[in-house]
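Only one structure is covered here, and it is reproduced in the block below.
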Amino acid sequence: MLGIGGYFLRAADPAALSAWYRDHLGLDADALWHQDAGPTVFATFASDTDYLGARDRRTMLNFRVRDLDAMLAQLRVAGADVAEETQDMDGIGRFGWVTDPEGNRIELWQPA
């Protein structure tokens, strides 16, 4: 394998969800995205974990960000559903979370 080629989401209103990702995260969901080189984590979690958000959600998207505090502040100003807590992991980086309008939890990671 060479890397992740895409990530696809079901949505009750695909156009609205695409607009949310574009407007809140700067990600055009209808175009190719050439991301910066960097680490990608592929991990599994127990079926009863709360880490991925609501139990009916089976995956969580993680985006690397340059400045976690600035991204979280920007999302809060825009009225996004941003978790209050953040997490610091020595040698790994800092994490924060936002939930999109369809209930998908998104992890934002500022690598160490």
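For this structure, a couple of remarks:
- Taking the numbered list (1) at pLDDT 90 or above; (2) part of a loop (DSSP other than H, G, I, E, B); (3) more than 17 Å from I4 (Cβ to Cβ); (4) over 12 Å from the mean Cα position of the chain (by Cα) in turn, T44 passes all entries but (3).
- Here L9, L52 are screened, and the one residue that is open to solvent by 30 Å² or more (accessible area, probe 1.4 Å), at pLDDT below 95 and either touching a Cys at 6+ places or on another chain (Cβ under 8 Å) or not charged (D, E, K, R) (or both) is L9.
- Single residue of region 12-41 satisfying the filter (in contact with a Lys or Arg (Cβ under 9 Å, 6 or more places away or on another chain) and of a type in the set (D, E)) that is modelled with the lowest pLDDT: D30
- Condition check for R76: part of a helix (DSSP H, G or I), touching an Asp or Glu at 6+ places or on another chain (Cβ under 7 Å) and free of Cβ contacts under 8 Å to residues at least 12 places away in the same chain: no
- Region 65-85: number of residues that are farther than 16 Å from R22 by Cα and either touching a Pro at 6+ places or on another chain (Cβ under 8 Å) or open to solvent by less than 60 Å² (accessible area, probe 1.4 Å) (or both): 5
The values are calculated or read from the model by the stated rules, or taken from the named source; none is laboratory data. Bear in mind the structure is a predicted one, so any value in this text is a computation, not a measurement. Positions of Cβ are generated from backbone atoms using ideal geometry, with glycine treated the same way; all protein chains shown enter the neighbour counts. Ligands, DNA and RNA are stripped out before the accessible areas are found, and what is left, the full protein with its side chains, is counted by its heavy atoms. Shrake-Rupley method; radii C 1.70, N 1.55, O 1.52, S 1.80 Å.
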